[in-house]
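Step one of this worksheet: look at the structure below.
Please treat every number below as a calculation from the coordinates, not as lab data. What you see is a predicted model, and the numbers here were worked out from it, not measured in a lab. Cβ sites come from the backbone with ideal geometry, for glycine too, and all protein chains shown count toward neighbours.
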Amino acid sequence: MVVAGDVFEHNQLAPHDISQSLEAMRTIGVPVYLLPGNHDPLDAASVYTGALFTSECPDNVTVLDRPGRHEVRPGLELVAAPWTSKSPTCDPVAGVLADLPADGTARIVVGHGGVDIFVPDKDRPSLIRLAALEAAIARGAVHYVALGDKHSRMQVGSTGRIWYSGSPEVTNYDDIENDSGHVLVVDLDEADRAHPVRVEPRRIGRWRFLTLRRPVDNNRDIADLDINLDQLPDKERTVVRLGLTGSLTVTDKAALDACVDKYSRLFAALWVEDSLSDIAVIPADGEFDDLGIGGFAASAVEELVELGRSDSEDAEDARAALALLLRLADRGAA
Ligand SMILES: [Mn+2]
């Protein structure tokens, strides 16, 4: 198992984080190779050289703590490009590619950082130059490149041999990172001298961050939203941000509020995101006719309806008062 950098969020960790991480790696029983990235660089304060880490590091865990070739076994090498500070002054990967022979050894480069083709600022010194990686692959010296840093899972270039696995757990909304929460299972054919690879994602993340955008103009839309939310699995590990737009009667808005209230308790978190939402509440004709009230109370309701439909600065308060009235009359609950 290769972790291509940022194993840890930073170098200053609580002792139980270090011990529990090492224990988790020890118990999986396969060789684990850890690359220092920009969050956990091999600087003077490195977690990897601390007394606790070095004394508890199990036999199956190897820190790729020097740039260049690390033999896994005869015929198979990792080529590491560890970060030694938070701001490298040159492409950390290019240096380790320079002298690699095309000698039939299956070779996996383990690197960390942004690749130049994805960023407008090509002068950033820490950028990994794709052309150098592709040249090493083309001359048969490198057969796979495991990259870390991006939280999205993605292939880089067109060789099929350069990938970001993305973060193993989901860390943000689905419109910000793509296909996070995976590992890549890379099957490298050691028998074939060209060492072809097959790359397969496997989902291991347990969390989801969703953005649901829905029109809400009537009680059907609210019922649909309710069904959509009801059908989402693993609610206790799902965060939902709702973007709702439309115009609703006071009755329907009260039903929507009840729906949102119910699911905000069932999900890890769920709320109507103001910046994505625009809901107008407009009292409808006859909406308050069957409340079973008359006289002074009925004319107060009429007054509130008029006010709720107006552009007055009190309109929103009037609509809230009507919604409360419906809720007290037990008409607005979903
Ligand atoms: Mn990083």
Query raised in the report: From a point 7 Å beyond the Cα of ALA44 in the direction of its Cβ, which residues of segment 79-97 have a backbone N at a distance under 20 Å?
Result: 83-89
Query raised in the report: Computed over the Cα atoms, what is the radius of gyration of segment 208-328 divided by 2.2 N^0.38 Å, N being its residue count?
Result: 1.18
Query - Whole-Å distance, taken between Cα centres, linking segment 266-282 and segment 51-128 - result: 45
Report task. Quick one: what are the phi-derived ³J(HN,Hα) couplings along segment 102-110, Karplus 6.51/-1.76/1.60 with θ = phi - 60°, whole Hz, x for glycine and proline? Result -> 8, 10, x, 5, 6, 9, 10, 7, 10
Requested in this report: Report the FRET efficiency, 1/(1 + (r/R0)^6), for ALA98 and ARG198, where r is their Cβ-Cβ distance and R0 is 22 Å, rounded to 0.05.
Outcome: 0.20
Query raised in the report: Pick from GLY166, GLY148, GLY104: which is most flexible by mean-square fluctuation in a GNM of the chain where alpha carbon atoms under 10 Å apart are linked?
Result: GLY104
Query raised in the report: Just for the chain, what percent of DSSP beta bridges are antiparallel, to the closest 5?
Result: 30
Query raised in the report: If you add up the charges near LEU307, with Lys and Arg at +1 and Asp and Glu at -1, over every other residue whose beta carbon is less than 9 angstrom from its beta carbon, what do you get?
Result: -2
Query raised in the report: In the chain, which helices (entire DSSP H runs) extend 15 Å or more along their own long axis, judged by Cα positions, while averaging at least -0.5 on the Kyte-Doolittle scale?
Result: 15-28, 250-266, 295-309, 315-328
Requested in this report: Only loop residues by DSSP count here, and only those with at most 15 other Cβ atoms within 10 Å; note down the chymotrypsin sites (Phe, Trp or Tyr not before Pro) in segment 48-141 that meet that.
Outcome: none
